[in-house]
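Contents: one structure, followed by commentary.
The values are calculated or read from the model by the stated rules, or taken from the named source; none is laboratory data. Quick caveat: nothing in here was measured; it's all calculated off a predicted structure. Methodologically, a virtual Cβ is constructed for each residue, glycine included, from the backbone with ideal geometry; neighbour enumeration extends over all protein chains shown.
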Amino acid sequence: MSKVIRHLVGVICDEDAIASFLLHIGTLSGFQGSGIRNDKSGLSRRVYWRCFSISSVTYQINEDILDKEVRLIDEDGAQLGIMTSADAFKIAVEKDLDLVKIAPTSNPPVCKVMDYGKHRFEQAKREKEARRHQHIVEVKEIRMSPSIGLNDFNVKLNHGQKFLKEGDRLKITIRFRGREMAHTDIGEKLLLKFADGCAEYGNVDKNPKLEGRHMSLFLTPKQTKS
């Protein structure tokens, strides 16, 4: 055991005590490592202390698995059958790997022998790669008045088409002022005309709806073929 670890503990003590201490603080500090200790049966057991915060999925591993029986899968995917969790852990220790409970709700729970640290690292890489390819859908809003001119309408229509092509949802809103409230049908026709102009890039998600002095229509982008 290194002097650094002994200094971390603060006292000179036996290997088991240090391993137990680090096993306790590992989940808090982010420290990771391993130690060897012998149980009552004389089996040399490797104790791991790790703190993994790189993924949202967590598993019970090694000595935390206390189920009476588990179904075991080895590191190559072969079914090893049902056995006690202690026997499954022995197999993992003999291979210098981890015992990981991958299906806790199964009867009996399913455990797999694997390199847990490597598994978590690869899982985090996959999640990071998936987030890189995700598109965060935003709702863009375009506002118009019922008396908008043709040129201004076309400019806003081009903006709407651009938003839809970029994969964003689109909300088109018309605000009625004063006496315009007596002619809400004009605003509805204008919204439907806008939707027709965007038909190549988006579909009508919600039909025109009047709320107070505002009438809105929602468009969702069409799915692009990969």
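Going by the structure shown, is GLY202 surrounded by 12 or more Cβ atoms within 10 Å (Cβ to Cβ), in the same structural domain as PHE153 (by TED's automatic domain parsing) and within 37 Å of the chain's Cα centre (by Cα)? Before you say what the answer is, go through the steps one by one.
Numbers: surrounded by 12 or more Cβ atoms within 10 Å (Cβ to Cβ): yes; in the same structural domain as PHE153 (by TED's automatic domain parsing): yes; within 37 Å of the chain's Cα centre (by Cα): yes.
In short, yes.
Out of all the residues in the stretch 157-169, is one or more without any contact (Cβ under 8 Å) to a residue 24 or more places away in the chain, over 20 Å from the mean Cα position of the chain (by Cα) and not assigned by TED's automatic domain parsing to the domain that holds LEU190?
No, the stretch 157-169 contains no residue that is without any contact (Cβ under 8 Å) to a residue 24 or more places away in the chain, over 20 Å from the mean Cα position of the chain (by Cα) and not assigned by TED's automatic domain parsing to the domain that holds LEU190.
Looking at (1) under 30 Å from LYS222 (Cβ atoms); (2) more than 29 Å from the chain's Cα centre (by Cα), can you tell me which one ASP87 breaks?
(1)
Exactly one condition in (1) free of Cβ contacts under 8 Å to residues at least 12 places away in the same chain; (2) in contact with a helix residue (DSSP H, G or I) (Cβ under 9 Å, 6 or more places away or on another chain) is not met by ASP185; state its number.
So the condition that ASP185 fails would be (2).
Report, ordered by the first and then the second residue, all pairs with beta carbons closer than 8 Å, sequence separation of six or more or different chains, a first member in the stretch 65-79 that is in contact (Cβ under 8 Å) with a residue 12 or more places away in the chain, and a second member that is of a type in the set (Phe, Trp, Tyr) and surrounded by 14 or more Cβ atoms within 10 Å (Cβ to Cβ).
What qualifies is ILE65/PHE89.
Answer yes or no: is there a residue in the stretch 206-213 that is of a type in the set (S, T, N, Q), in a strand (DSSP E or B) and modelled with pLDDT of 90 or more. Working first, answer last.
First, pick out the residues of the stretch 206-213 that are of a type in the set (S, T, N, Q): 207.
Next cut, in a strand (DSSP E or B) only: 207.
Imposing the further condition that a residue be modelled with pLDDT of 90 or more reduces the set to none.
There is no residue in the stretch 206-213 that is of a type in the set (S, T, N, Q), in a strand (DSSP E or B) and modelled with pLDDT of 90 or more.
Among the numbered conditions (1) under 37 Å from the mean Cα position of the chain (by Cα); (2) under 16 Å from ARG143 (Cα atoms); (3) buried (at least 18 other Cβ atoms within 10 Å of the Cβ), tell me where ILE174 comes up short.
(1)
Looking at the stretch 74-161, what strands (runs of 3 or more DSSP E) fall wholly within it and have at least 1 residues that are at pLDDT 90 or above, within 24 Å of THR173 (Cβ to Cβ) and not aromatic (Phe, Trp, Tyr)?
Output list reads 139-144.
Counting only residues that are crowded, with 18+ Cβ neighbours inside 10 Å, within 18 Å of HIS214 (Cβ to Cβ) and touching a Ser or Thr at 6+ places or on another chain (Cβ under 9 Å), how many does the stretch 145-170 have?
Of the residues in that region, 2 qualify.
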